[in-house]
Amino acid sequence: MKKKRWNDRVRDILFPVILPLSGMKIRYEVKVVNACELIPNKPVIYACNHSQFSDIPLATRAIEKRNYTLLGKQKLYLIDRIFFNLLGAIWIDRKNKKETAEVKNKILRYLNRGQSVLWFPEGTWNLTENMLMLPMRWGIIEVAHKAGGQIVPMAIRYDRKNKKCQVKFSPPLYGEQLADYRNGIQELRDVMAALRWELMEEYSEVTKRKNIHLSDFEKEKEEIIREYPPLDLEYEESVIYEK
């Protein structure tokens, strides 16, 4: 494994200073349900579900260590762009296949010098009514396997009414689990969906189906979108992966 570069060290120094500032973007009381298990001396990719802007600072806080974050090129407030770049952002045009290949190689270089990566494998915000995880491309499996690394699945659940959220980790996927990319991405999606279900089962109120109306979901969806005005919803929906 190669040594850290000077910019990695600078970002590590800045992390304890910048992280508390992320609290301005987190409007929820955060509970990390369990400890994150890691295999020593293996590169790490954290795989998180994605449903709103606060996922990024919240996941970073739950992990409790600095990482490079894979981010789709999009409209952002200037302060958010500065925040991401200071901590380490890997920008990608999600519709450019050539750039996607280049970004994979860049992530491999980061992993090979001991840096961890935060990856949202759904590739966009999941604002569907009942799909626990959107379809996912197997690039995350390919990169982790080539790096000889591990993927740590994690999930975030929001209770918007009470302004609380929970984060849960699953044991890492590694080795032979990543050797077959198609099977690997399906296993990762299943594990992440199970994490979301477990959080819902433990922390959600039980409500009869007849008392749930589509208008309630649409209202919550509109609220999520209003929280981050720069969001280009049409573009985000256009990059949903279709098998």
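The table that follows gives values for the structure above.
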| item | result |
| --- | --- |
| Over 29 Å (Cα to Cα) - which of LYS3/LYS65; LYS95/LYS163; LYS104/LYS163; LYS95/LYS168; LYS98/LYS221; LYS42/LYS104 fall in this group | LYS95/LYS163; LYS104/LYS163; LYS95/LYS168; LYS98/LYS221 |
| Share of carbon and sulfur in the accessible heavy-atom surface of the chain [1.4 Å probe, %] | 53 |
| Rotationally averaged projected area of the range 105-243 (alpha carbon convex hull; nm²) | 10.1 |
| Cross-link partners of LYS31 among aspartates and glutamates (Cα-Cα below 19 Å; sequence separation of 8 or more within a chain) | ASP55, GLU64, ASP159, GLU198, GLU201, GLU202, GLU205 |
| Hull-based mean projected area of the range 164-238, where the convex hull spans the alpha carbons, in square nanometres | 7.8 |
| Over the range 33-115, volume per residue of the alpha carbon convex hull, in Å³ | 115 |
| Sequence-distant residues sharing a close amide H with VAL44 (under 5 Å, placed H) | VAL117, GLN150 |
| For the range 25-44 versus the range 130-203, the gap between their alpha-carbon centres in whole angstrom | 13 |
| Bins of 5 Å, starting at 0 and running to the largest distance - Cα pair percent for the range 1-142 | 2, 8, 18, 22, 23, 16, 8, 2, 0 |
| Gain in span if fully extended, LYS31 to ASN7, counting 0.36 nm per residue against the direct Cα distance | 5.5 nm |
| Heavy atoms of SER215 accessible to a 1.4 Å probe, total area in Å² rounded to 10 | 80 |
| Chain lengthening between THR100 and THR207 when straightened (0.36 nm per residue, less Cα-Cα) | 34.3 nm |
| Convex hull volume per residue in cubic angstrom - Cα atoms of the range 77-185 | 148 |
| Highest-MSF residue in the chain out of LYS164, LYS219, LYS31 [GNM, Cα springs under 10 Å] | LYS219 |
| Overall Cα dimensions of the chain, principal axis frame, Å, largest first | 56, 39, 36 |
| Helical contribution to [θ] at 222 nm, DSSP H n ≥ 4, -39,500 (n - 2.57), averaged over the chain, rounded to 500 | -12500 deg cm²/dmol |
| Among ARG160, ARG94, ARG137, residue whose mean-square fluctuation peaks in a GNM of the chain (springs only between Cα atoms under 10 Å) | ARG160 |
| Distance in nm between pseudo-label sites at GLU218 and LYS164 (7 Å out along the Cβ direction from Cα) | 3.0 |
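The values are calculated or read from the model by the stated rules, or taken from the named source; none is laboratory data. Remember, it's a predicted structure, so these values are computed and weren't measured experimentally. Note that we place each Cβ from the backbone using ideal geometry, even for glycine, and neighbour counts take in every protein chain shown. Only protein heavy atoms, including side chains, enter the accessible area calculation; ligands, DNA and RNA are left aside. Shrake-Rupley method; radii C 1.70, N 1.55, O 1.52, S 1.80 Å.
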